[in-house]
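For reference, the structure is listed below as C-alpha cells.
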C-alpha cells in the first residue's frame, strides 16, 4: 500500500505547476496578447539567448500548497556573481547596486547577438556589455559589444578567450 506522502507529493507538484502557469498568464502584459497591439514603429532588438532550460530546474520545496521554489542547478557551468559598478553604460538593464548572476560559456557557438557578457580587455575589472554583432576574421571568432546606454558600439573585437561569463540573471 502506498504511503500518504507518496500520493500527496505528485498532487502538490501538479498543483504548483498549474498555479505557476495561471500566475504567468495573469501577469502577461495587457495589449500584447498574440502580438495584436504591438506598435509597428518599434523594431525587434537582439535579446539574450535562453541559457537555462527546464532540464536544469529542480523542485526544491513548496510554499504552502500552491507555489514551488525552483532553483537552477548550474553547478556544472561555473556560476559567477558580479556587483555592478556605477558606469551607467547598461542602464536601464542594470546599474550601481545590481547583482549579476552569470555562467561560463563552453564555446563561442553558444553566444548570440543580444547576450550580455563579462569580458576582460585590460581594465582593472570586467566589462559587462551586450553582444552587438558576431564575426570572424583571420584570427577567428570575435564579437563587438555595446553598452545599452551608449550611442555606439565598443571599438574593440572581443575574442572568446577574453569572455569570463554570460549574464543569466539580475537581482535589483
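The values are calculated or read from the model by the stated rules, or taken from the named source; none is laboratory data. Since the structure is predicted, the reported quantities are computational estimates derived from the model, not experimental observations. A quick note on method: Cβ atoms are made from the backbone with ideal geometry, for glycine too, and the neighbour counts reach across all protein chains shown.
Every listed requirement among (1) in a loop (DSSP other than H, G, I, E, B); (2) closer than 17 Å to residue 167 by Cα; (3) at pLDDT below 90 is met by residue 59 save one, (2). Annotation for the stretch 138-156: at least one member residue is assigned to a strand (DSSP E or B), out of contact with any helix residue (DSSP H, G or I) (no Cβ under 7 Å at 6 or more places or on another chain) and loosely packed, with under 15 Cβ neighbours inside 10 Å. Number of residues in the stretch 114-137 that are in a loop (DSSP other than H, G, I, E, B) and either farther than 15 Å from residue 104 by Cα or without any contact (Cβ under 8 Å) to a residue 60 or more places away in the chain (or both): the value is 8. The residue of the stretch 71-103 that is farthest from residue 169 (Cα to Cα), among those that are out of contact with any helix residue (DSSP H, G or I) (no Cβ under 7 Å at 6 or more places or on another chain), assigned to a strand (DSSP E or B) and at pLDDT 85 or above, is 99.
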